[in-house]
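To start, the structure itself, in structure tokens.
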There are 2 protein chains.
Amino acid sequence: MNVTLRQLRAFTGVYRTRSITRAARELGITQSAASLLIQQLESQLGVKLFDRSTRSVRPTLAADEAVHAAERMLGDALGLSRRMRDLAQARAGRVAFVASAGAASALLPLVLAKFRETHPAIEIDMRDVAADDLVPRLIATDAEFAIGSVEGEFADMTIETLTRGRLSAIGRRTADFAARRSLTWDELAQLPTIAMRRATRIRVQIDQALGAQGKHLSPTYEVTLINTALAMTAQGLGLAILPATMLPADQFPTLIAKPLVRPAITRPVSLLQRQGRTLSPAAQAFVATARAVLAERSG
Amino acid sequence: MNVTLRQLRAFTGVYRTRSITRAARELGITQSAASLLIQQLESQLGVKLFDRSTRSVRPTLAADEAVHAAERMLGDALGLSRRMRDLAQARAGRVAFVASAGAASALLPLVLAKFRETHPAIEIDMRDVAADDLVPRLIATDAEFAIGSVEGEFADMTIETLTRGRLSAIGRRTADFAARRSLTWDELAQLPTIAMRRATRIRVQIDQALGAQGKHLSPTYEVTLINTALAMTAQGLGLAILPATMLPADQFPTLIAKPLVRPAITRPVSLLQRQGRTLSPAAQAFVATARAVLAERSG
DNA sequence: ATCAATTCATAAGCTTCACCTATGAATGTC
DNA sequence: GACATTCATAGGTGAAGCTTATGAATTGAT
């Protein structure tokens, strides 16, 4: 057999209190159990740790040396338990995840703020990447999950839709525009529009969906960055064609989104996880917050 | 229950090998036992440590954190065991003891040299004190034992005679002096002599022993320090009256000692230990060496 | 695609060990 | 000298830990 932490606990207790009886009381065991633990440790280590008579217990020089190592080990054990408990309760730790640029700018700030309120001590490492990089980065790095829009399936990957962004027309809050419930794509064709460039994911999806209906989008302006489209819209240059989820309300308070219909086109905002990997408690808490916040927003 | 070192050993093994089966083999237990140890530790700490399928075992982030603390504790345990074993085998450690000035200068250098040969790594702390301080210092300090001449008994103190020093006349190695086997006190009275001052232990004993026989010592010189007496003798001022054990042969190569008889007076050189205190293994080894060396010298 | 092999989890049984109660021995105290 | 306190030990009991046996899942080969 080998040295046990139990023996060391008894040892440091006896060392401190100079009494087997008192140490036993502290440990919640009987005097005889403590006596045995000390004997075991002595025989284990091959040294006498205490000179004991029936009346007194005096540590030997060996005990003086050993007590430091013993206390360090017990301290480490306690620290480990505490640290793990904090991790388990998501009161400490780190969440590393990947987010597509769109989600990161428009959707996640809300989630981050909420999460910070409930879990102030958790370190957050959000890596915002281009949509195409979402899955590769999740696979190649230590990120625990990813949030963004993906299409299709991926091997060893769980995909869960958190919310859906309806393709919308985003424009200034004019009386006319605000009064509308929705716009059709045909109506939109008569108005100046700002769309994403053809190479982007969003645009590809739009073109496909419209093409299936024999329709066609001819935007007035084509841009690469979502923010550019929104800024132009705020200037009154036209209506931006984007998922409503990508409009950060606080950043562009003058803009509002109206769903585009005939056809209605939606883009999922998904949570991606690698199969067979448990999320850290901190990550689980974050995901729970994201689900709650985004579900509320959807409803 | 609490975390055990056994669990931590299993944990670090599995962490390193990424396999419960391999770790179990290393630990000399069955796979199922190792599996159980990991499960116990996980439930103990409240965190999942490995994502395991039937085919693979992957550490979680919590495991990455925990492994350092675990390895440190196991390292400490090993270090502790090793250190204690070294102490037990007197291959490491420290011996602190008190020696009377006489013993320290004349007798113990031999012992120290011998001990150094067999136990090179042991640190030695020899505290040479005046004869009267021998016991008080042994009681009041962390010294493990004392070597010197004492008379009578002391409470809680074991006294063991290691060798006896015969009171001798010490003089220069002249042809005349060297030829003698011994001198009587009466013969000595005719010669110039150097003795210790009346207040000293040695002198007290001499005066008592001679007084019992109706004799009386009238030294030519009286000094306080043994070394002074020997230096004067080396100068040819007279014969020093001292225990032969107090003549360091290497320090005064020109001097030799001849026993004084009628009466023969002996002074014990004793080993003093505090009752109920085990000597450290290093101290035991030192004492053994001292016994051996001094017995040889006596015989 | 099927079969063999590997790996982890679980169940059942047994051994061992750890603790408790009871008691003895020693020592300091009134 | 009687009493109280403290440590050690013995015997009994229950729990904990390990092993063997088996099942389930996955990989790799035929």
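Dipole of chain A computed with +1 at Lys/Arg Cβ and -1 at Asp/Glu Cβ about the Cα centre; of A:Pro109, A:Gly28, A:Ser182, farthest Cα towards the positive end is A:Gly28. Over the protein assembly as shown, the pair-distance histogram of Cα-Cα distances with 10 Å bins from zero comes to 3, 13, 14, 12, 10, 9, 8, 8, 7, 5, 5, 3, 2, 1, 0 percent, rounded to whole numbers.
Need one word for segment A:82-145: rounded, prolate or oblate. Basis is the Cα gyration tensor (sqrt eigenvalues a ≥ b ≥ c); a/c below 1.5 gives rounded, then a/b vs b/c decides. It is oblate, given that a/c is not under 1.5 and a/b is not larger than b/c. Of all DSSP-defined beta bridges confined to the protein assembly as shown, some 60% are antiparallel rather than parallel.
So what's the angle, to the nearest 10 degrees on a 0 to 90 scale, between helix A:281-298 and the longest Cα principal axis of chain A? Helix A:281-298 and the main axis of chain A meet at about 30 degrees. Between the listed residues A:Met246, B:Ala121, A:Gln7, the Cα displaced farthest toward the positive end of the dipole of the protein assembly as shown, a dipole computed from Cβ unit charges relative to the Cα centre, is found at A:Gln7. Considering every Cα-Cα pair within segment A:5-88, what fraction, in whole percent, is farther apart than 22 Å? Every Cα pair in segment A:5-88 considered, those over 22 Å come to 25 percent.
Could you tell me which of rounded, prolate or oblate describes segment A:93-184, using a ≥ b ≥ c as the square roots of the eigenvalues of the alpha-carbon gyration tensor, with rounded for a/c under 1.5 and, failing that, prolate when a/b is larger than b/c and oblate otherwise? Walk me through the intermediate numbers first.
On the way: a/c = 2.85, a/b = 1.56, b/c = 1.82.
Oblate shape, in that a/c is at least 1.5 and b/c is the bigger or equal ratio.
Surface exposure of segment B:1-75, expressed per residue as accessible area with a 1.4 Å probe, stands at 51 Å².
Any idea what the dipole of segment B:1-125 comes to, in debye rounded to 20, about its Cα centre with Lys/Arg Cβ at +1 and Asp/Glu Cβ at -1?
Values: 18 positive and 11 negative charges, 98 e Å.
In debye, rounded to 20, segment B:1-125 gives about 480.
For segment B:67-108, what does the equivalent ellipsoid look like in terms of its semi-axes, each the square root of 5 times an eigenvalue of the Cα gyration tensor, given largest first in whole Å? Intermediate results must be reported in sequence, preceding the final value.
Numbers: eigenvalues 312, 17, 6 Å².
For segment B:67-108, the semi-axes come out at 39, 9, 5 Å.
About the centre of its Cα atoms, chain A shows a dipole size close to 860 debye [charges on the beta carbon of Lys, Arg (+1) and Asp, Glu (-1) only; nearest 20 debye]. Just report the Cα centroid separation between segment A:24-43 and segment B:138-156, whole Å. Between the Cα centres of segment A:24-43 and segment B:138-156 lies a distance of 33 Å. FRET efficiency for the pair B:Thr220 and B:Arg181, taken as 1/(1 + (r/R0)^6) with r the Cβ-Cβ distance and R0 = 22 Å, rounds to 0.40. Expressed as an acute angle from 0 to 90° and rounded to the nearest 10, what is the orientation of the C-alpha long axis of helix A:61-88 relative to the principal long axis of chain A? The angle comes out at about 20 degrees. Averaged over peptide B:87-93, the number of partner chain Cβ atoms lying within 10 Å of each residue's Cβ comes to 3.
Projected onto its three principal axes, the C-alpha set of chain A covers 102, 39, 27 Å, listed from the longest axis down. Helix B:108-118 and the longest principal axis of the C-alpha atoms of chain B enclose an angle of approximately 30°.
The Cβ shell under 13 Å around A:Pro281 holds other residues with a net charge of +1, Lys and Arg each +1, Asp and Glu each -1. Simple spin-label estimate for B:Ser32 and A:Thr21 gives 4.6 nm between the two label positions (7 Å along the Cα-to-Cβ direction from each Cα).
Defining a contact as two alpha carbons under 8 Å apart and six or more residues distant in sequence, what relative contact order in percent does chain A show? Display every interim value, and only then the final one.
Numbers: 467 pairs, mean separation 65.9, N = 299.
Answer for chain A is 22 percent.
Taking 0.692 mPa s as the viscosity and 37 °C as the temperature, the Stokes-Einstein diffusion coefficient of segment A:30-178 based on its alpha-carbon Kirkwood radius rounds to 153 µm²/s.
How much mean residue ellipticity at 222 nm does chain B get from its helices, if each DSSP H run of length 4 or more adds -39500 (n - 2.57) and you divide by all residues, to the nearest 500 deg cm²/dmol?
Values: 11 runs with 131 residues, N = 299.
Theoretical 222 nm ellipticity from helices: -13500 deg cm²/dmol.
Measuring nothing but protein heavy atoms, the accessible surface of chain B at 1.4 Å probe radius is 50 percent carbon and sulfur.
For chain A, the longest stretch holding no GluC sites (Glu not before Pro) located in a DSSP loop with at most 15 other Cβ atoms within 10 Å is which? Numbers along the way, then the final one.
Values: sites that count: A:Glu151, A:Glu153.
The answer is A:1-150.
Peptides A:279-288, A:14-23, B:198-207: what's the order by average Cβ count within 10 Å, highest mean first? Could you put the intermediate results ahead of the total?
Numbers: A:279-288: 22.0, A:14-23: 18.5, B:198-207: 16.9.
Top to bottom by mean Cβ count within 10 Å: A:279-288, A:14-23, B:198-207.
Ignoring ligands, DNA and RNA, how much accessible area is buried between chains B and A, both sides summed, with a 1.4 Å probe, to the nearest 100 Å²?
Working: alone 16160 and 16200 Å², together 29290 Å².
In total, this chain pair buries about 3100 Å².
As a calculated quantity, the FRET efficiency between A:Ala199 and B:Arg72 at R0 = 41 Å, using C-beta atoms, amounts to about 0.20.
The orientation-averaged projection of the convex hull spanning the C-alpha atoms of segment B:168-246 amounts to 5.0 square nanometres.
For B:Lys215, a cut-off of 15 angstrom between C-alpha atoms picks up these aspartates and glutamates, skipping any fewer than 8 places away in its own chain: B:Asp186, B:Glu187, B:Asp207.
The values are calculated or read from the model by the stated rules, or taken from the named source; none is laboratory data. These figures come from a predicted structure and were not determined experimentally. Neighbour counts run over all protein chains shown; Cβ positions are idealised from the backbone, glycine included. Just the protein is used for accessible areas: all its heavy atoms, side chains included, with ligands, DNA and RNA removed. Shrake-Rupley method; radii C 1.70, N 1.55, O 1.52, S 1.80 Å.
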